[in-house]
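Beneath this line is the structure, given in structure tokens, with notes to follow.
The numbers here are math on the coordinates, done by the rules we state, and not lab data. Everything numeric here is computed off the predicted structure, so don't read it as measured data. As a convention, Cβ positions derive from the backbone with ideal geometry for all residues, glycine included, and neighbour counts pool all protein chains shown.
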Amino acid sequence: MSDEPVLQYPDGWEARAPDGWEWQTLWVAVEEGDHVYTDKRVQEAIDAGIDPRIILDDGLFPGFNLQGDRFSAQVIFIPEMLITARAMKAGLALIRPLLAAMAEKPLGTFIIGTVLGDMHDIGQSIVTIMLENAGFEVTNLGTDVHPDKFIEAAATKNADLVGFSALLSTTVYYQKVTIEEFEKAGHRDKVHILIGGAPTSPEWAEECGADGWGQDAMEAVNLARRLVTEKRAGWV
Amino acid sequence: MKELLPRDRFIRALRREPVDRLPLFYRMKAEAKSKLARVYGIEDSSTGRLHNPELELRLGNDVVLYQIGINADFSHRHIEIGETWYNHFGVGYGKSGLEGRTPEEEKEFEKTQEFWGPRKVVPENFPSFHPITSMEDFKNYTWPDPADDEMLGPIKELCDRYQDDYFIMVDLSSTLIEAAYAHIVGTQNFFLMMFDQPELIKGVLDGLTEYYTALGKNAIAMGVDMIRVGDDVGAQQAMMISPEQWRELAKPRFDYMFKEFRKANPDIFIKLHSCGDYSPIIPDMIELGVDLSGLMQPTGGNKDQVGLKKKYGGDISLVGGFDVQRLLPRGQVEDIRKGVHDVIKNLGTGGGYIFSPSHYILADVPIQNIYAMLEAQRDFSTYGRYPLD
């Protein structure tokens, strides 16, 4: 297929790496979900004194973005996405403390969970991993989450975004209820609310008063990125 | 055409022969079934393995279903708050949606169920304990007894009572990939173990194959007409695993299972079900000699019903396809009539189709929507009168 996703080389990466350094093996390791090699190579990069932001952008993201695009295009499926996410996570675990020490703020704070009554978690756990890998600080409240817990977590964490998943036609109703509870608690205009899950649709997102809807994990991440940027622009 | 017996009607649809009207296959969860049963004056509205099929037959079902296997008992049984209930596989199940629910609230909630969608959350039972998460668990694991009389015993009674008129379908429920990920090992574990511990995954799938092959053969020996195999490998927009992985992990095991079934009875009908989008493996189902595929959730790759029917309708019969995610619970009466009309036109043209919602009718479906569906299906499903071409 001509429109099959291909690796996007980070422009000018050679100039940002020490002489003789190569990222190729790390791109492939993340792409193939080799978390052992990813851990090893990221540590080597840190030891070589490469800026953790460069490790993230030039070393980890190319393979991760490639698999994310392939997942959206249905070239790869859940198992491959999960092992890539696990490799990405191994690399991030090493550089996250360094980024924090450099006072690098997360892209945004995201509270996620499956609504009350619903125990489905595979979709929202993939979205969680993708959001974390994209630079968000994510609190996953798990499944069967009472609206009060969403509100409490959003307030405590000063969250930018909250996402509710629902996988049953009988539980999507609680996406609306949870949004109403945010309104009653006076917290609705402090957060962007995203919804997702099999029985949901852009029309339902609008009807229940959400700020956005994602068809898949990659769309959710892109939407979250856009919304935090808009919100930040609004603050300035 | 003169009126056919339900079982003949069903069998003719499986053979893609003309029928007097489309065969029907309705399944309901407890909340939906009890509100509809009250309207029909039927007192016993039990669901699950030992359910009373009276209501379903009144609605026009041509089939009597008996569900055994891994999720036969958990999804329909009452599980107490905080309780973990273990089935014969040693899988534990808990209940969702209970925070803040009191017995008084429960009563109020039941009242609102009569005509409206849920004002409160409908509790669902979900797997919460997975018995095999390591090679050590696997080595110590004992598979259940496929000759268990408690499971198999009622089949004889069902056949004696209904088989003269109705088609008898034994549902093995989640059988292979789904039984492994959703119940035995846990979803995320399963997908990661496909790479980390492929031998463990193969071992679990082999154990399931042996158990279900024996269980199915025991049911076939009791004279049932069809074995239904459920195995959810479709997500909303795509398959969960790649078609290639399915061909490697599932297809040869189903091939073995179905061949064994046919050794026990060469005329046994086989249905293979998956939720979600599984359209890439429909050709494989045809290769495996599957007679009936469904329930065809009309989303993602299954959306092009006309295309699917055109491509595969000559080789496999189809069931379902009427949207239960949005249309049935939330549609207006006119939308529902149009939806029923369209799915019958899309999938019924040329025969080989059994009308059914794309899954259970759930608690949130207003009763007027159920009526709209029943009425539309009566209006549009008479072969010969409805212009099926």
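The table below gives the values:
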read-out: Nearby lysines by direct alpha-carbon distance to A:Lys40 (threshold 28 angstrom, same-chain neighbours under 8 apart not counted); value: A:Lys89, A:Lys105
read-out: Fraction of beta bridges assigned by DSSP in the protein assembly as shown that are antiparallel (%, nearest 5); value: 15 percent
read-out: Calculated on alpha-carbon atoms, Rg and Dmax of the protein assembly as shown in Å; value: 25.6, 85
read-out: For the range B:6-380, alpha-carbon Rg relative to the globular expectation (2.2 N^0.38 Å, N residues); value: 0.96
read-out: Translational diffusion of the range B:237-389, µm² s⁻¹ [Kirkwood Rh, Cα pairs; Stokes-Einstein; 25 °C; 0.890 mPa s]; value: 150 µm²/s
read-out: Inter-chain shielding of A:71-80 (mean C-beta neighbours from other protein chains, 10 Å cut-off); value: 6
read-out: A:Val75/B:Arg161 FRET efficiency (R0 51 Å; Cβ-Cβ; nearest 0.05); value: 0.50
read-out: Pairwise FRET efficiency - B:Gln368 versus B:Arg58, Cβ, R0 = 25 Å, nearest 0.05; value: 0.90
read-out: Calculated from backbone phi, Karplus (6.51, -1.76, 1.60) coupling profile of the range A:35-41 in Hz, x at Gly/Pro; value: 6, 5, 5, 4, 4, 5, 5
read-out: Degrees, to the nearest 10: A:217-235 long Cα axis against longest axis of chain A; value: 80 degrees
read-out: Point-to-point label distance, B:His78-B:Glu244, nm (Cα→Cβ direction, 7 Å offset); value: 5.1 nm
read-out: Karplus 3J(HN,Hα) series, Hz, for the range A:83-95 with 6.51 cos²θ - 1.76 cosθ + 1.60 (x for Gly, Pro); value: 6, 5, 4, 5, 5, 4, 5, 4, x, 4, 4, 7, 8
read-out: Averaged over A:58-70, number of beta-carbon atoms from partner chains that fall within 10 Å; value: 0
read-out: Cα centroid separation - the range A:151-186 against the range B:250-273, whole Å; value: 46 Å
read-out: Whole-Hz ³J(HN,Hα) from phi, Karplus 6.51 cos²θ - 1.76 cosθ + 1.60, for the range B:309-317, glycine and proline x; value: 4, 5, 6, 10, x, x, 10, 8, 7
read-out: Neighbouring partner chain Cβ atoms per residue of B:324-332, average, 10 Å criterion; value: 4
read-out: Low-density loop positions, GluC sites (Glu not before Pro), the range A:139-236 - DSSP coil, at most 12 other Cβ in 10 Å; value: none
read-out: The range A:123-184: relative contact order in percent, alpha carbon pairs under 8 Å with at least 6 residues between; value: 27 percent
read-out: Residues with amide H under 5 Å from that of B:Ile361, placed H, sequence gap 5 or more; value: B:Arg27, B:Met28, B:Lys29
read-out: 5 angstrom amide H check on B:Arg228, placed H, neighbours 5+ away; value: B:Val170, B:Asp171, B:Leu172, B:Lys271
read-out: Chain A: proportion of alpha-carbon pairs further apart than 23 angstrom, %; value: 51 percent
read-out: Hits among lysines - C-alpha to C-alpha of A:Lys149 under 18 Å, sequence gap 8 or more where chains match; value: A:Lys157, A:Lys176, A:Lys184, A:Lys190, B:Lys120
read-out: By average C-beta atoms within 10 angstrom, highest first, the peptides A:190-201, A:134-145; value: A:190-201, A:134-145
read-out: Contact order normalised by residue count of the range B:125-214, Cα under 8 Å, 6+ apart, percent; value: 42 percent
read-out: Per-peptide average of other Cβ atoms within 10 Å, ordering B:134-145, B:11-22 highest first; value: B:11-22, B:134-145
read-out: Listed pairs B:Lys271/B:Lys310; B:Lys251/B:Lys345; B:Lys95/B:Lys259; B:Lys309/B:Lys338; B:Lys29/B:Lys271 exceeding 26 Å between Cα atoms; value: B:Lys251/B:Lys345; B:Lys95/B:Lys259
read-out: Approximate spin-label separation B:Ile286-B:Ala221, in nm, with each point projected 7 Å along Cα-to-Cβ; value: 3.6 nm
read-out: For chain B, share of DSSP beta bridges that run antiparallel, in % to the nearest 5; value: 20 percent
read-out: Sequence-separation-based contact order of chain B, relative, with Cα cut under 8 Å and 6+ spacing, percent; value: 20 percent
read-out: Ordering of B:1-10, B:30-39 by packing [mean C-beta count within 10 Å, highest first]; value: B:30-39, B:1-10
read-out: Check: the protein assembly as shown dipole with +1 on Lys, Arg Cβ and -1 on Asp, Glu Cβ, in debye; value: 1360 debye
read-out: Inter-part distance where the range B:314-380 and the range A:59-94 are each reduced to a Cα centre, Å; value: 39 Å
read-out: Extension reserve of the A:Lys157-A:Trp13 stretch, reckoned as 0.36 nm per residue once the Cα distance is removed; value: 48.3 nm
read-out: Simple spin-label estimate for A:Val28 and B:Lys263 in nanometres, 7 Å along Cα-Cβ; value: 4.5 nm
read-out: Amide H contacts of B:Ile354 (H built 1.01 Å from N, under 5 Å, at least 5 apart or other chain); value: B:Leu318, B:Val319, B:Gly320
read-out: Alpha carbon Rg of the range A:1-64, scaled by the compact-globule rule 2.2 N^0.38 Å; value: 1.12
read-out: Test item: Cα-centred dipole of the range A:14-101, Lys/Arg +1 and Asp/Glu -1 on Cβ, debye; value: 360 debye
